[in-house]
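The values are calculated or read from the model by the stated rules, or taken from the named source; none is laboratory data. The model shown is predicted, which means the values in this text are computed figures rather than measured ones. With ligands, DNA and RNA removed, areas are computed over all heavy atoms of the protein, side chains included. Shrake-Rupley method; radii C 1.70, N 1.55, O 1.52, S 1.80 Å.
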Amino acid sequence: MSSAVATAFVFVVLVVGGLIGYAMYQWGRQHAISNKTRAELTTSEEYRRLSEMAVTAQEHTDLKLAEINMQLAQLRDQLDQVMKTA
């Protein structure tokens with residue numbers, strides 16, 4: 001009987017150990033998936049932020065270009081006036 005009890009105990013320990021091992025494997029797998037998803041989300045947010053910054057920079061560039069074009073037109077007008085009086 002002692003041999004049967006020892007065998008049953010070993011069997012229970014192996015089954016419980018196997019279940020704990022499987023649970024740890026599944027937890028690690030889910031943890032890795034969630035980390036990957038979080039990294040992808042972060043990357044996506046960074047790309048979105050960079051895109052917004054590029055759009056803002058382009059808008060500022062367009063405004064500055066319009067200002068320079070206006071100043072250039074004024075200089076041309078002044079040059080035309082100087083040429084007419086000369």
What's the number of the condition Met1 fails, among (1) of a type in the set (A, V, I, L, M); (2) open to solvent by 100 Å² or more (accessible area, probe 1.4 Å); (3) modelled with pLDDT of 85 or more?
(3)
Give the number of residues within the stretch 16-36 that are of a type in the set (Ser, Thr, Tyr) and open to solvent by less than 80 Å² (accessible area, probe 1.4 Å).
1
